[in-house]
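A.B. asks: Please find one structure pasted underneath; my questions will follow.
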Amino acid sequence: MRKIFFQTLAEEFKKDKSIFMLFADLGVKFFYDLKKIDPERVIDVGVAEANMIDVASGLAMSGKNVYCYSIIPFLIDRALDQIRVDIAYNNLNIKLLGAGGGVVYGLEGVTHHSVNDIAIMRSLPNMTVVAPGDVKEAIALAKASIGFPGPLYVRFGRDCEPEVHREEIDFKTGKGIVVNKGKDICLIATGSTMLSAAIEVADRLSKEGKNPTLVSMHTIKPLDRELIFDLAKDHSQIITLEDHNVIGGLGSAVSEVLLEGGYKGAFRRIGIPDTFSEHVGRPDYLMEKLGLDSKTIYDKLYFLDKLKNHDL
Amino acid sequence: MPLATKEEIQILEKTAQELRRDTLDLIYKTKSPHIGCSLSMIELLTALYFRILRINSESPRDENRDRFLLSKGHGVPALYPFLAKKGFIKKEIFDGYAQDGGTLEQHPTRNIDLGIEITSGSLGHGLSIGSGMALAGKHDKKDYRVFVYLGDGELQEGSNWEAAMFASHHKLDNLVAIIDHNKLQAMQRIEEVLDLNPLADKWRAFGWETKEVNGHDLNEIVSVMNKIPFKKGKPSCVIAHTVKGKGISFMENEPRWHDRCPDENEYQQALNELKGLC
C-alpha cells in the first residue's frame, strides 16, 4: 500500500517542483524512484526525527509542499512538540506519513507498534487524520494529498491487503465510504488492517442471511458526522473496529457523535483494550491475542447480539 | 556592507540604549517576566536590525528577505520594540502586548506581516526551522540569509545538535546561529546545571565556522557579522558573550531577574541608570 502511494506520488513529484520528501533513515527503498526524478528534493535527515519535522516546517514556511515519512512512534511520539507547535499551530502545509499503525511491526516489538497515534493526532487542532482502507483509497489519498491545504497525518496499516473496493471509489477526505449498505448491523472500520478484517466478518454474517452495513471510515478527523447520523437512523447496532487503543481512537470519536445525536441502539468499540502488546509474535498472532482477528470480532458481535436481544 | 565608521557605531550605541529603555518600559508596564534575558540581547539585535538584516517593513513577505528567527522565544520583550522601531509593529498592536484581547504574547506567534518569522517559546526548534529555510534558499538559488538567535541554556535541548549536524552536512553557509551566551539559564548558572563547555569547540566539531564576540560591543559585533558567511560551504556560528540583565547594575548576572518584574522603585532606579546613556 505504501509502495503504490509513493508510486502515485512520484507522478506528481515529477510535475510539481515544490514537493519535498523527507525521511529519517527508514523506508529508503520507497524513495528510489523519487530520487531518480530529483535527488535534491528527497532528503534522508538521518536518525533525527525532531529535526526532520522542523526542517520540514522551515521548507513549508518557504513555500514547499513537504512530506515526512517514518515509522509512527518515531514520526509522531518522538517529535510531538515540533508537530504541535510548528506544524499544527502554524497550520503548515506538511503531510506526515506514518508506517505501521497498530501492531503491523509485530515481532519488532512494542517500541515499533502504534496504539495511541490516532488519539494524539486527532486532539491536535488543525490536524486531519486519515487511515486509508485499501489500495484504491491509498492511491486516491496520494492524489488528494498534493493539493491538501494544511497538516495531514496518514496512518498506514498493512501493505498486502486485498482490494476491498471492487468498484471505483469517490474518495474525499472527511467523507466515509459505504462499502456495503445493509441494515440492522453496521460495522465501521478504519485503516487497511481493520477494513480487511471487517470485510471477512461481514461476509460471514452475509452467509448467515444477515446483511450488515460496512463503512470504511478512512478519515477519523474531521469525522463524517452526517454519515454517522444517517447510519444511526437505520441500524440497531453500530460497531467500530480499529487497531488502536479503544481510548481516544475511532470508537471514541464515533461514540461522541452518536451520544450527542441521541442514538438509542447498541454501540460497541472493538479495538486494543488499553494495553501494550503482552505477546511476542507476527501481526496475525498479535491481532488474535488482542481480539482483533475476524473470528474473535465475529464472536464479539454474536455476544453483542445476545446482549441486545436478551439482556439489555 | 562597508565597515561602520566611528560615528555610525556611536549612533548604534545610542539606538541600543533607547531600545533598552523601551524594553524595560514594556516589561514594567505589563508586569511581564524575562527582563534579564531580554537585556542581554539589545546590542546584538541593534546590530542585526540596524546594520545587518536585509529586511523592509514595507515588504515583509519579500521572498528574498533575510530571515530572523528568535529561537529563545522568552526574549521577545526585547524583539517587539525593535520590530516597532523598524515599522513592522504599529503602535496599537505594540500597546496590546500581554493584554487581554491583544496580538502579542509573552512568547511570539508566527506573523510574517509583523516580522515574526516563527512561533517560539518551546526551546530547541529555531535552528531546525532555520535549516529548512536555508535549504529552501539554496534550492531556489536565492541569496537570503537565515539568522537564528539562540539562548545558551537552550542548547541543552538535543534537537539543536541534530540541526547542527544537518546544517553542516548540507553545507548551509546561508545559515547563521547566534548564541546569546549569558551563562545563566532560567534560575541558575549553566555550568552548575549542565555545562556547555567547551562551547566553541563543540560548534567547530559539528562543522560550523565559529567566532566569539563581546555581545555588547557594537563595533565588534558589526565587524564580525559583516564577514558572514565566515567560510564558504559552512554554516556560521557567532558565540556572543553577554551579560544577563545588561545595562541595569542590580540586574546584571542576577538569576532572579530571569522572570522578576521591577517594582516602581526598581524601575525608577533602572531609568536613572539608563538616563545618562540615552
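We did not get these values from a lab; they are worked out from the coordinates using the rules stated. These figures come from a predicted structure and were not determined experimentally. For neighbour counting, all protein chains shown are included, and Cβ atoms are generated from backbone atoms with ideal geometry for every residue, glycine included.
A.B. asks: Given the protein assembly as shown, report the % of alpha carbon pairs whose separation exceeds 37 Å. Display every interim value, and only then the final one.
C.D. replies: Numbers: 73467 of 173755 pairs.
Cα-Cα pairs in the protein assembly as shown separated by more than 37 Å: 42 percent.
A.B. asks: Which value results for Rg/Rh of chain A when Rg is the Cα radius of gyration and Rh the Kirkwood radius based on the inverse mean 1/r? Provide the component values of the computation, followed by the final result.
C.D. replies: Numbers: Rg = 19.2 Å, Rh = 19.7 Å.
Dividing the radius of gyration by the Kirkwood radius yields 0.98.
A.B. asks: Compute the distance from the alpha-carbon center of region B:108-172 to that of region B:53-105, in whole Å.
C.D. replies: Region B:108-172 and region B:53-105 have Cα centres spaced 17 Å from each other.
A.B. asks: Placing +1 at every Lys and Arg Cβ and -1 at every Asp and Glu Cβ, with all other atoms neutral, what dipole size does the protein assembly as shown have around its Cα centre, in debye to the nearest 20? Provide the component values of the computation, followed by the final result.
C.D. replies: Values: 74 positive and 83 negative charges, 227 e Å.
That gives the protein assembly as shown a dipole magnitude of about 1100 debye.
A.B. asks: Okay, moving on. For a Förster distance of 41 Å, can you work out the FRET efficiency between the beta-carbons of B:ASN214 and B:GLU58, rounded to the nearest 0.05? Don't jump to the answer; show the numbers that get you there.
C.D. replies: Details: r = 33 Å, r/R0 = 0.81.
Efficiency at R0 = 41 Å is approximately 0.80.
A.B. asks: Label region B:1-146 by shape, choosing from rounded, prolate and oblate, from the square roots a ≥ b ≥ c of the eigenvalues of the Cα gyration tensor; if a/c is under 1.5 it is rounded, and otherwise prolate applies when a/b is larger than b/c, oblate when it is not. The partial results should precede the final answer.
C.D. replies: Values: a/c = 1.70, a/b = 1.17, b/c = 1.46.
Oblate.
A.B. asks: Moving to a separate point now. Name the long-range amide H neighbours of A:VAL179: under 5 Å, sequence gap of 5 or more, or other chain; modelled H, no Pro or chain starts.
C.D. replies: A:LEU214, A:VAL215, A:SER216
A.B. asks: Any idea what angle helix B:159-169 forms with the longest principal axis of chain B, computed on alpha-carbon atoms, 0 to 90 degrees, nearest 10?
C.D. replies: 40 degrees
A.B. asks: Let me ask you something else. Can you pull a Stokes-Einstein diffusion coefficient for chain B at 4 °C (1.567 mPa s), Rh from Kirkwood over Cα pairs, as a whole number of µm²/s?
C.D. replies: Details: Rh = 18.7 Å.
In µm²/s, the coefficient is 69.
A.B. asks: So, one more: Which whole-number value in Å³ per residue fits the convex hull of the alpha carbons of region A:1-154?
C.D. replies: Values: hull volume 15.1 nm³, N = 154.
Per-residue hull volume (Cα only) is 98 Å³.
A.B. asks: Right, another one. How large are Rg and Dmax for region B:217-278 when only the alpha carbon atoms are used, in Å?
C.D. replies: Answer for region B:217-278, Rg first and Dmax second: 16.8, 52 Å.
A.B. asks: Once you have all Cα-Cα distances for region A:177-311, histogram them in 10 Å bins from zero and send the whole-percent values.
C.D. replies: Pair shares across the bins are 12, 46, 34, 7, 0.
A.B. asks: Follow-up. Helix A:2-15: angle to the longest alpha-carbon principal axis of chain A, degrees 0 to 90, nearest 10?
C.D. replies: Approximately 40 degrees, to the nearest 10.
A.B. asks: Here is a further query. For region B:83-140, what class follows from the C-alpha gyration tensor (a ≥ b ≥ c being the square roots of its eigenvalues): rounded when a/c is under 1.5, otherwise prolate if a/b is larger than b/c, else oblate? Write out the running numbers ahead of the final one.
C.D. replies: Values: a/c = 3.67, a/b = 1.79, b/c = 2.05.
It is oblate, given that a/c is not under 1.5 and a/b is not larger than b/c.
A.B. asks: Right, something else. What list of ³J(HN,Hα) couplings, whole Hz, do you get for region A:174-188 from phi and the Karplus terms 6.51, -1.76, 1.60, once you set θ to phi - 60° and write x for glycine and proline?
C.D. replies: x, 10, x, 10, 7, 6, 9, 9, x, 8, 6, 9, 10, 9, 10
A.B. asks: Between their Cα atoms, which of A:LYS221/A:LYS300; A:LYS64/B:LYS232; A:LYS15/B:LYS171; A:LYS64/B:LYS14; A:LYS175/B:LYS90 are more than 32 Å away from each other? Spell out each step's value before the answer.
C.D. replies: Values: A:LYS221/A:LYS300 27 Å; A:LYS64/B:LYS232 25 Å; A:LYS15/B:LYS171 27 Å; A:LYS64/B:LYS14 41 Å; A:LYS175/B:LYS90 44 Å.
Too far apart for the 32 Å limit: A:LYS64/B:LYS14; A:LYS175/B:LYS90.
A.B. asks: So what's the angle, to the nearest 10 degrees on a 0 to 90 scale, between helix B:126-139 and the longest Cα principal axis of chain B?
C.D. replies: It works out to around 40 degrees.
A.B. asks: Rule-of-thumb check for region B:25-105: C-alpha Rg over 2.2 N^0.38 Å?
C.D. replies: Working: Rg = 12.9 Å, N = 81, 2.2 N^0.38 = 11.7 Å.
That ratio works out to 1.10.
A.B. asks: Which of B:ILE55, B:ASN197, B:SER159 sits farthest toward the positive end of the charge dipole of chain B, with +1 on the Cβ of Lys and Arg and -1 on the Cβ of Asp and Glu?
C.D. replies: B:ILE55
A.B. asks: For region A:120-198, rounded, prolate or oblate, judged on the Cα gyration tensor with a ≥ b ≥ c (square roots of eigenvalues), a/c < 1.5 rounded, else prolate if a/b > b/c?
C.D. replies: Working: a/c = 1.68, a/b = 1.45, b/c = 1.16.
Judged from the Cα gyration tensor, region A:120-198 comes out prolate (a/c at least 1.5, a/b above b/c).
A.B. asks: While we're looking at this one, here's another question. Using the Cα centre of chain B as the reference point, and only Cβ charges (+1 on K/R, -1 on D/E), how large is the resulting charge dipole? Debye, rounded to the nearest 20. Can you show the working numbers first?
C.D. replies: Numbers: 36 positive and 40 negative charges, 178 e Å.
Dipole magnitude for chain B comes out near 860 debye.
A.B. asks: Sorted by average packing, counted as other Cβ atoms within 10 angstrom per residue and highest first, what order do A:134-146, A:44-56 take?
C.D. replies: Working: A:134-146: 21.5, A:44-56: 26.2.
Highest-to-lowest ranking by the protection proxy: A:44-56, A:134-146.
A.B. asks: Here is a follow-up. Add -39500 (n - 2.57) for each DSSP H run of 4 or more in the protein assembly as shown, then divide by its residues: what number comes out at 222 nm, to the nearest 500 deg cm²/dmol? Mind dumping the intermediate values first?
C.D. replies: Working: 21 runs with 213 residues, N = 590.
Helix contribution divided over all residues of the protein assembly as shown: -10500 deg cm²/dmol.
A.B. asks: Multiply the residue gap between B:GLU191 and B:LYS142 by 0.36 nm, knock off their C-alpha separation, and tell me the result in nm, one decimal place. Write out the running numbers ahead of the final one.
C.D. replies: Details: separation 49, 0.36 × 49 = 17.64 nm, distance 3.99 nm.
Stretched out fully, the B:GLU191 to B:LYS142 stretch lengthens by 13.6 nm.
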